[in-house]
Number of protein chains: 2
Amino acid sequence: MAALKGACIIGQSGGPTSVINASARGVIETALKNENITQVLAAENGIKGILEDRLFDCGLEDPKELELLSGTPSSSLGSCRYKLKDSDVDDTDYKRILEIFKKYNVRYFFYNGGNDSMDTCNKVSKYMQKVGYECRVIGVPKTIDNDLAGTDHCPGFASAAKYIATSIAEVSLDAKVYGQGGPIVVFEIMGRNAGWLTAASALANCVNEGPDLIYLPEVPFDMDKFLADVDRIRAEKGGCIIAASEGIMDKDGKFISEYGSSGSQTLDAFGHNQLGGLASVLTNKIKEHTGAKVRGIELSLLQRAAAHCASGVDLDEAYRVGEEAVNAAVRGETDKMIALKRADSEEYVCNCVAVPLSEAANAERKVPEEWMNEEKNGVNEKFIAYALPLIQGPTLQKTENGLPRFAHLKKIHP
Amino acid sequence: MAALKGACIIGQSGGPTSVINASARGVIETALKNENITQVLAAENGIKGILEDRLFDCGLEDPKELELLSGTPSSSLGSCRYKLKDSDVDDTDYKRILEIFKKYNVRYFFYNGGNDSMDTCNKVSKYMQKVGYECRVIGVPKTIDNDLAGTDHCPGFASAAKYIATSIAEVSLDAKVYGQGGPIVVFEIMGRNAGWLTAASALANCVNEGPDLIYLPEVPFDMDKFLADVDRIRAEKGGCIIAASEGIMDKDGKFISEYGSSGSQTLDAFGHNQLGGLASVLTNKIKEHTGAKVRGIELSLLQRAAAHCASGVDLDEAYRVGEEAVNAAVRGETDKMIALKRADSEEYVCNCVAVPLSEAANAERKVPEEWMNEEKNGVNEKFIAYALPLIQGPTLQKTENGLPRFAHLKKIHP
């Protein structure tokens with residue numbers, strides 16, 4: 001295939017992770033070194049930045065600051081939650097994207113995000129093919145939720161998993177400090193539809209300080225069974241540590257976070273159900289049932305922002321999917337997402353492979369039933385074997401004066 | 001003074017910190033090396049363990065596991081919240097303590113805790129003097145709250161401060177990811193009566209990702225002023241990051257956490273005010289007032305258990321107060337607490353000094369008014385100059401398989 005010469009754009013989209021900027025760094029550093037890529041542009045706030053011509057020239061950034069991206073949480077390029085309409089329905093946005101691509105002679109487009117971002121990639125790619133504008137489009141995966149299809153796991157998941165397991169182990173040790181009896185602690189963990197992060201709490205059991213009970217959104221939640229589970233654990237051990245996904249639902253598909261403490265709903269000042277209220281619903285239910293002291297801890301944004309506790313393996317893989325996105329595109333690949341494929345070897349090895357975007361765009365990968373325990377209130381050794389290799393190795397976060405030293409980008413418009 | 005030969009007991013009491021076990025390690029390792037100390041005993045669950053003869057022999061522990069105490073949060077010896085009666089009122093407990101001290105020939109007693117623990121130390125010491133049993137009693141300070149009098153700061157504070165500043169910086173960066181507008185985030189931070197930890201959130205401003213508004217329990221909280229503050233910051237910056245102490249009260253002394261979203265109270269299933277509900281009260285108030293999206297994050301037990309983010313300076317000082325407790329006692333000191341005295345030097349230096357227990361036992365040190373900003377909704381550079389040197393240096397937590405490797409003690413009864 002003839003070399004395609006031109007500029008590239010990298011954009012980030014959706015909720016951030018601890019390592020999404022490591023992927024951006026992988027794309028930027030690799031593209032800056034590639035002779036076919038004439039200019040490396042970044043879009044501020046993803047596809048919105050392209051529509052509004054808010055681009056910046058990565059070649060003007062200090063290489064030392066680009067290195068610091070690997071220890072910087074959040075999306076350093078800026079993110080967005082912008083859904084492109086189908087181009088058959090309304091092609092205004094697509095025409096504008098084409099205009100910008102032509103303006104800067106953009107021939108490579110890398111988009112760093114989750115399911116929705118892969119859908120955006122796919123739509124942009126199809127449109128460019130339709131209008132005969134040659135541009136290679138590659139998705140760079142990220143999501144703490146780990147629900148992207150077509151990949152063994154997703155960059156971002158392992159670092160959140162490591163933070164969750166570490167924090168639960170530490171708090172669980174703390175909670176036992178007064179001896180007999182012990183308290184009841186409920187951790188509310190992110191993952192609306194897929195329970196990967198909640199399942200990751202089980203990693204803390206590798207140091208004997210993990211949850212006694214784990215509730216995944218894949219399994220219909222039964223309040224009576226739950227309270228009976230808590231009673232049983234308390235009878236055995238005194239206290240009880242619980243990890244529950246924010247997205248657990250009852251058999252009728254109603255979110256448990258929408259249950260009030262007496263079966264009625266908990267509403268905010270506007271009559272809306274309060275998001276992230278699961279821990280408080282469950283703690284109130286347990287208090288009512290047992291009369292015991294219960295503490296609810298919602299890990300909230302902490303779990304996706306804790307770059308100080310990121311996984312070295314995750315950082316490495318996040319960088320590599322970015323690097324491989326550029327290399328694959330230059331080789332001639334397009335309309336693909338870079339996925340991680342685990343080798344069938346004793347030692348953990350994951351290789352980067354390109355999979356069709358369409359495969360990743362419209363599917364949601366869930367925790368398989370055969371990785372759960374029999375009662376479906378925990379996970380088994382198969383999940384641990386899957387997840388444990390992913391959380392190895394230290395963070396790359398640099399500190400200055402005892403605090404994180406985040407990357408500072410100049411963001412100079414070309 | 002003639003050398004006093006005999007056993008020692010070390011106990012821990014009150015809420016744990018990330019570094020309280022570093023102090024225990026300091027006591028144990030120093031005592032094990034001292035020729036005047038014939039046996040090093042630890043009490044399980046503090047004074048309760050002494051009353052119940054639940055002691056273990058530290059000389060039988062693996063020295064490698066003792067080293068790991070410096071990366072282990074919680075109280076590895078076990079803690080208690082047990083208040084001794086005055087011996088004039090009821091001396092049952094004191095007689096039992098004397099009996100145990102005689103049984104093991106205990107001539108040194110080290111107690112590792114906060115204000116209440118210093119009170120316990122003081123009472124035990126006075127009783128032993130009264131009955132003529134020679135035993136040297138030294139308090140080893142700890143508290144994340146930093147409210148102990150007689151010391152520049154208290155081991156445990158800096159590590160919690162570092163975790164809080166790091167986490168707020170990371171989350172604040174994450175929260176800004178979608179650009180204009182930005183969200184409103186309320187962090188609820190521990191410290192019922194003293195605002196040291198809440199003030200420590202300001203350290204995140206050293207990396208430009210700190211709170212815009214800080215509310216300390218030292219300052220009467222005014223809801224209208226608060227909402228006006230939020231409006232002003234939002235007008236300037238779009239979003240607003242708020243740090244508030246769980247213990248803030250209005251001018252009438254009512255806890256803000258006891259306000260319901262419409263001025264009424266938020267009660268749990270038993271009609272009790274829910275502890276730790278401040279973030280939810282403030283987020284609801286802001287939502288009502290602005291209609292904007294608001295996220296509340298309660299740092300809960302995470303902030304005192306996060307040994308993975310402990311301060312190196314704190315760990316060093318925690319060890320040193322333990323070490324100095326033993327050395328001072330062997331030198332002949334008794335009825336003292338080991339305090340940290342900051343040297344009047346350019347570079348940060350803190351020395352260990354012995355102060356009378358009575359000085360520490362019955363006072364509560366608060367954030368001085370001259371360290372607050374003019375509006376009293378933030379702190380000034382004097383606080384930063386005080387706190388920043390304390391959070392320097394990395395954690396000593398060891399990991400194994402990507403997870404914290406906590407100390408495992410055998411706890412063999414002598």
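No value in this document is a laboratory result; all are computed from the given coordinates. Note that the structure is predicted; figures quoted are calculated from it, not measured. Every residue, glycine as well, gets a Cβ built from its backbone with ideal geometry; the counts of neighbours run over all protein chains shown.
With K and R counted +1 and D and E -1, the other residues having a Cβ less than 10 Å from that of B:MET190 yield a net charge of -2. Counted over segment A:162-304, the DSSP beta bridges are approximately 10% antiparallel.
Full extension of the chain segment joining B:GLU400 with B:TYR133 gains 91.5 nm, where the gain is 0.36 nm per residue of separation less the Cα-Cα distance. Sorted into 20 angstrom bins from 0, the C-alpha pair distances of the protein assembly as shown split as 16, 45, 31, 7, 1 percent. Under 5 Å between amide H atoms, partner at least 5 residues away or on a different chain: which partners does A:MET337 have, H built in plane at 1.01 Å? Counting only residues 5 or more places away or on other chains, the set is A:GLY139, A:VAL355, A:LEU357. Label points for A:GLU347 are taken 7 Å from Cα along Cα→Cβ. From this copy to the others they lie 4.3 nm apart, shortest first.
In percent, rounded to a whole number, the relative contact order of segment B:157-303 is 29, using alpha-carbon pairs under 8 Å and six or more apart.
Of the GluC sites (Glu not before Pro) found in segment A:310-414, those that fall in a DSSP loop while having at most 16 other beta-carbon atoms within 10 Å are A:GLU346, A:GLU347, A:GLU364, A:GLU374, A:GLU375. Given the C-alpha centroids of segment B:210-237 and segment B:311-346, what is the distance between them in whole angstrom? Their Cα centres are 38 Å away from one another. The local environment of B:ALA407, defined by Cβ-Cβ distances under 15 Å, has a net charge of -3 under the rule Lys, Arg +1 and Asp, Glu -1. In deg cm²/dmol and to the nearest 500, what is the mean residue ellipticity at 222 nm of chain B if only DSSP H runs of at least 4 residues count, each as -39500 (n - 2.57), divided by the residue total? When only DSSP H runs of four or more count, the value is -10500 deg cm²/dmol. Spatially close Lys pairs in segment A:162-304, defined by Cα atoms under 21 Å apart and a spacing of eight or more places or different chains, total 15. Relative to the first principal axis of the alpha-carbon coordinates of chain A, what is the inclination of helix A:92-103, with its axis defined by its Cα atoms, in degrees from 0 to 90 and to the nearest 10? Once rounded, one gets 50 degrees.
Taking other residues whose beta carbon is less than 14 angstrom from the beta carbon of A:THR17, and scoring Lys, Arg as +1 and Asp, Glu as -1, yields -2. Looking at chain A alone, DSSP beta bridges between its own residues are antiparallel in about 30 percent of cases. Per-residue extension of 0.36 nm, minus the Cα-Cα distance of B:ALA228 and B:ASN351, leaves a gain of 39.9 nm for this segment. If I take R0 = 45 Å and measure r between the Cβ atoms of B:GLU236 and A:LYS341 in this structure, what FRET efficiency does the formula 1/(1 + (r/R0)^6) give, to the nearest 0.05? The computed FRET efficiency comes out at 0.40. Stretching the chain fully between B:ASP53 and B:GLU370 yields a gain of 109.3 nm (0.36 nm per residue, less the alpha carbon separation). Taking the label point 7 Å along Cα→Cβ, B:GLU236 and its counterparts in the other copies are spaced 5.4 nm apart, in ascending order. Only lysine pairs 8 or more places apart or on separate chains count here, and in segment A:13-90 those with Cα atoms under 29 Å apart total 5. Structural descriptor for segment A:291-414: relative contact order 30 percent, calculated from alpha carbon pairs under 8 angstrom and at least 6 residues apart. Across the identical copies, the 7 Å label point of B:PRO220, projected outward along Cα→Cβ, sits 5.6 nm from its counterparts, in ascending order.
Taking Cα pairs under 8 Å and at least six residues apart, what relative contact order does chain B come out at, in percent?
Relative contact order of chain B: 24 percent.
Only the Cβ atoms of Lys and Arg (+1) and of Asp and Glu (-1) were treated as charged; on that basis the dipole of segment B:157-303 about its Cα centre amounts to roughly 240 debye.
One Cα centroid belongs to segment A:389-414, the other to segment A:135-185; the line between them spans 19 Å.
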